[in-house]
Ligand code: SF4
Ligand code: SF4
């Protein structure tokens, strides 16, 4: 039985917990709330009460399980090796089995499964976004705030939707002369609908390295928003759709620039489809050849350094939780940044501390998300840099919102965009690869 189907599968994890409280010290939720339920230990105790029959699954209990950014900091600080990431996913799936899914989430995840309709909705949104969003002046990006507070954080800053999605802008096959490899790019929703600049940078950097990039048109949401909110059925449908789409196109490797999408391909699809004889094998094959882009550029090719030009930026790097603790990728983005001529990398305090975005968490708990973000922004301010680099579009959105609200003159970019900038600068400098 998978963690998504029964709480039996997480019993062993629950038994490992000796209630030492070490998880409190690193938990971003506990740091802000100082409530026992914020940390892993509190939620583990609640789950044990539920399993022993002392309490029932109520809306209040389900709400307490929503108090987690799934940052995995507690996993790393636990002397008993408790995998709280598994426990929280199991608890949320149980809450949905017992109490059903919140109607708003139900609508959102249903829309994600209806790809064409979702695309049409986003297209319509890009045309009429000015009705709901008020443009804010920013010299780096088109940003906006909600005109009316609808309960998702009145100060939250969003990127404006571009006119075209990445997948409608770029061809399905991006050819290069004498390709040394064919790589499939899983764009994920954030890059496809919001941050198309990151997607273009991915294709540009891969082309500089003689790699043909395929972007299967039939791909969709990775399903992480559904799986972390306990909607296992929707997550399974989305996982299968993506596996079919990528298998049809075929590729030597799969790359992502989003840490949540990366964890979906590396771990979540396999866990979700554990008992599916048709798709489990396929999930394992693609998990084996999935890479975060920085991991791919350092370990798989490795990327060409001779064409890199000068980029005069003072950069600080924020580690996305699922890339850092989930996939163990933290040296690679720094190695890429350090290889860029003219770039100075200045570390912030605790670069691996969660930024508080965590997908729908920031919408369900906007005030808490903002408090966590404020700490991160204060650490960024201390670095006196002009650029924040990160490895995930969701973190980019949260960091962008934080620096904008603090009036910091910082551009927030994905590492791959800075690398693309360096290749462009190299061409201007007359460097050839
Ligand atoms: S650190 Fe680990 S063992 Fe200690 S209370 Fe937290 S989850 Fe339990
Ligand atoms: S995963 Fe992160 S937010 Fe959730 S309980 Fe653990 S440390 Fe706290």
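Normalised by the number of residues in the range 1-159, what is the relative contact order in percent for Cα pairs under 8 Å and 6+ residues apart? RCO, the range 1-159: 20 percent. Among beta bridges identified by DSSP and lying wholly in the chain, the antiparallel ones come to about 30 percent. Which angle from 0 to 90°, rounded to the nearest 10, does the C-alpha axis of helix 196-208 make with the longest principal axis of the chain? The helix 196-208 is inclined about 60 degrees to the chain.
A straight chain from residue 15 to residue 310 at 0.36 nm per residue would run longer than the Cα-Cα distance by 100.8 nm.
Expressed as a fraction of 2.2 N^0.38 Å, the value expected for a compact globular protein of N residues, the C-alpha radius of gyration of the chain is 0.96. A Gaussian network model of the chain, with springs between Cα atoms under 10 Å, assigns the largest mean-square fluctuation among 105, 164, 177 to 177. The mean of 1/r over all pairs of different alpha-carbon atoms in the range 271-339, once inverted, gives a Kirkwood hydrodynamic radius of 14.5 Å. Axis angle, to the nearest 10 degrees, between helix 232-249 and the longest C-alpha principal axis of the chain: 30 degrees.
Values of log10 I(q)/I(0) for the range 166-300 across q = 0.09, 0.19, 0.20 Å⁻¹ run -0.24, -1.05, -1.16, by the Debye formula with one identical scatterer at each alpha carbon and no solvent.
Quick check: convex hull over the Cα atoms of the range 314-428, volume per residue in Å³, rounded to an integer?
Value for the range 314-428: 95 Å³ per residue.
When the chain is treated as a Gaussian network with alpha carbon springs shorter than 10 Å, the biggest mean-square fluctuation among 211, 293, 301 belongs to 301.
For the range 326-363, the residues whose amide N sits under 18 Å from a probe point set 7 Å from the Cα of residue 299 along the beta carbon direction are 326-337. Here the spin labels are modelled as points 7 Å beyond Cα on the Cα-Cβ line, and at residue 119 and residue 382 they lie 4.6 nm apart. Compared with the dominant Cα axis of the chain, that is its longest principal axis, helix 103-113 is turned about 40°. Here the range 192-248 and the range 276-341 have alpha carbon centers that stand 16 Å from each other. Label zone of residue 128 (point 7 Å out along Cα→Cβ, amide N under 20 Å): in the range 184-200 this covers 193-194. For the chain, adding -39500 (n - 2.57) for each run of n ≥ 4 DSSP H residues and dividing by the number of residues yields -13500 deg cm²/dmol at 222 nm. Counted over the range 166-300, the DSSP beta bridges are approximately 15% antiparallel.
Read-outs throughout are calculated quantities, based only on the coordinates presented, and are distinct from any laboratory measurement. None of these values were measured; they are calculated from a predicted model. Because the Cβ atoms are built from the backbone with ideal geometry, glycine has one as well, and the counts that use them run over all protein chains shown.
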